[in-house]
Each structure stands twice: as structure tokens, then as C-alpha cells.
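Written below as C-alpha cells is the structure these notes are about.
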Amino acid sequence: MSWIRIVDPADAVAPLAEIYARVAGPDGHVDNVLTVHSLRPHTLVGHMTLYKNVLHHRGNTLPKWYLECIGVYVSHLNQCGYCVAHHLAGLARLLDDGARANALLTAMSAHRFEGLLDAKCAAGMIYVRRLTEAPALVAEHDIAALGAAGFDDGEILEINQVAAYFAYANRTVLGLGVTTDGDVIGLSPGDNADEGNWSHG
């Protein structure tokens, strides 16, 4: 499941056991990307706080499926198969259309989204790619292009934060050898109205 030792939920004691209970899925399973934090539970709290607030917060105004799509694209660009698998399943669920989700993944390889995303959303993906592949080259004109495409500054911040979060998550997974072995693919926190609800369903 990873290249470092993890504490299995069955063996966890407080405070880790309490954190695991907050993030567990319906059957008590905790995703491997989360158990990899088990030797430092405070980093698991940090990870979940960031994840919930960036991707699953009621204050976001961009559609959740689009934020999920950004996460899949960043993970694809970073060659993080773990996050692609989990979040592609989430994207398919949010779209209620597995074929469209798979078509979007194919489009990500070509970096061309015609017929799948409108011009505004496609413009967001141009920024996401640049931020992921060459962050030091991002310039003010890239932000201006997002504004010209129809994003307001708050939406631009949402795009930036989702892309930045997935860069963090991808490096956690890739840098520690986290695999999907034993995971239930595609679970994510629900209940956007409750910021403290980290349970996966």
C-alpha cells in the first residue's frame, strides 16, 4: 500500500483512531492516501482540512464536477494513477456519465477539450496545465485570460487552489509509493454544508 509503515485502522489508538473514524467510508475503510499519514496524525488533519475546504466546500461557486475535472487533469499531468483512478470515478459519478468522464480523460492526453467543455471551462484547463507543468512561467496575462474567458477572481482562486491541492496530493502519493490496493475507488466527502464532515461515501 505504501513504501513506509502505516497504522492499520484496526490497530489505531487515539488520537489517530478518532481521526480515522472521521474519514472512514461506509464500511470503516480508510483510503490509502489517508492512512499513509498515520505516523503523523496531525498531517492527516491538515490534509483533510485542505481537501474538504478546497474541493468540497459550500462556498465554492464553480460546479463540483468541474473542480473534480481539474483534479483529474492535474493528476494526469503529474502521472499520478492513484488520484486519476479515484477522481475519475468521482467525476463520472458527478456527471452521471461514465462515457463523458472517460472522453474527458482522453481529451486530457491531447490537451484539447472541444466538444466536451465550453470555451470558459477549456480556458481554465489551459491555466491548470501551465500552473502544473511550468508554475514559474505563470504570469499576469494568464490570469487576465481567465478573466476574459468569464471567470471572476473568486473562481480563479478556486481553480488555483484545486490545482495546487492536487499537486500536493500527487506528490504525497507518488513520493511514498501509495497504491490503490484495497481501496474503494471514488469515495469522497459529502455534505458540503458541514465543514467538519470528513466521512467518505
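Just need a number here: residues in the range 1-55 that are farther than 19 Å from PRO189 by Cα and among the hydrophobic types (A, V, I, L, M, F, W, C).
Residues flagged as farther than 19 Å from PRO189 by Cα and among the hydrophobic types (A, V, I, L, M, F, W, C) within the range 1-55 amount to 10.
Looking only at the range 4-47, filter to residues that are touching a residue at least 60 places away in the same chain (Cβ under 8 Å) and surrounded by fewer than 19 Cβ atoms within 10 Å (Cβ to Cβ); which one of those is nearest to ALA167 (Cα to Cα)?
Taking the candidates together, the pick is ILE4.
I'd like to verify a number: residues in the range 38-58 that are in contact with a Ser or Thr (Cβ under 9 Å, 6 or more places away or on another chain) and part of a loop (DSSP other than H, G, I, E, B), how many?
Within the range 38-58, residues that are in contact with a Ser or Thr (Cβ under 9 Å, 6 or more places away or on another chain) and part of a loop (DSSP other than H, G, I, E, B) number 1.
What is the residue count in the range 168-201 for residues that are at pLDDT 95 or above, within 22 Å of MET125 (Cβ to Cβ) and crowded, with 18+ Cβ neighbours inside 10 Å?
So the count comes out to 3.
Might you let me know whether the range 189-196 holds any residue that is not in a loop (DSSP other than H, G, I, E, B) and not β-branched (Val, Ile, Thr)?
Yes, that holds for at least one residue.
Which residues, counting only those in the range 122-142, are within 12 Å of ILE70 (Cα to Cα) and of a type outside the set (Ser, Thr, Tyr)?
Those that are within 12 Å of ILE70 (Cα to Cα) and of a type outside the set (Ser, Thr, Tyr): ALA122, ALA123, GLY124, MET125, ILE126, VAL128, ARG129, LEU131.
Inspect the range 116-130 for any residue being assigned to a loop (DSSP other than H, G, I, E, B), in contact with a Ser or Thr (Cβ under 6 Å, 6 or more places away or on another chain) and touching a residue at least 12 places away in the same chain (Cβ under 8 Å) and give the result as yes or no.
So far as the range 116-130 goes, no, none of its residues is assigned to a loop (DSSP other than H, G, I, E, B), in contact with a Ser or Thr (Cβ under 6 Å, 6 or more places away or on another chain) and touching a residue at least 12 places away in the same chain (Cβ under 8 Å).
Sort out which residues of the range 77-108 are on the phi < 0 side of the Ramachandran plot, exposed (fewer than 15 other Cβ atoms within 10 Å of the Cβ) and not in a helix (DSSP H, G or I), and write them in order of number.
Scanning the range 77-108 gives a single hit, ASP97.
In the range 143-188, which residues are part of a loop (DSSP other than H, G, I, E, B) and under 22 Å from LYS52 (Cβ atoms)?
Hits for the range 143-188 are VAL178, THR180, ASP183, VAL184, ILE185, GLY186, LEU187, SER188.
Which numbered condition trips up TRP3, out of (1) more than 14 Å from THR172 (Cα to Cα); (2) more than 13 Å from the chain's Cα centre (by Cα); (3) among the aromatic types (Phe, Trp, Tyr)?
Answer for TRP3: the failing condition is (1).
Can you pull out every residue in the range 21-36 that is under 10 Å from VAL178 (Cβ atoms) and outside any helix (DSSP H, G or I)?
ASP31, VAL36 - these are the residues of the range 21-36 that are under 10 Å from VAL178 (Cβ atoms) and outside any helix (DSSP H, G or I).
The values are calculated or read from the model by the stated rules, or taken from the named source; none is laboratory data. Here the structure is a predicted model, which is why all the values come from computation and not from measurement. Methodologically, a virtual Cβ is constructed for each residue, glycine included, from the backbone with ideal geometry; neighbour enumeration extends over all protein chains shown.
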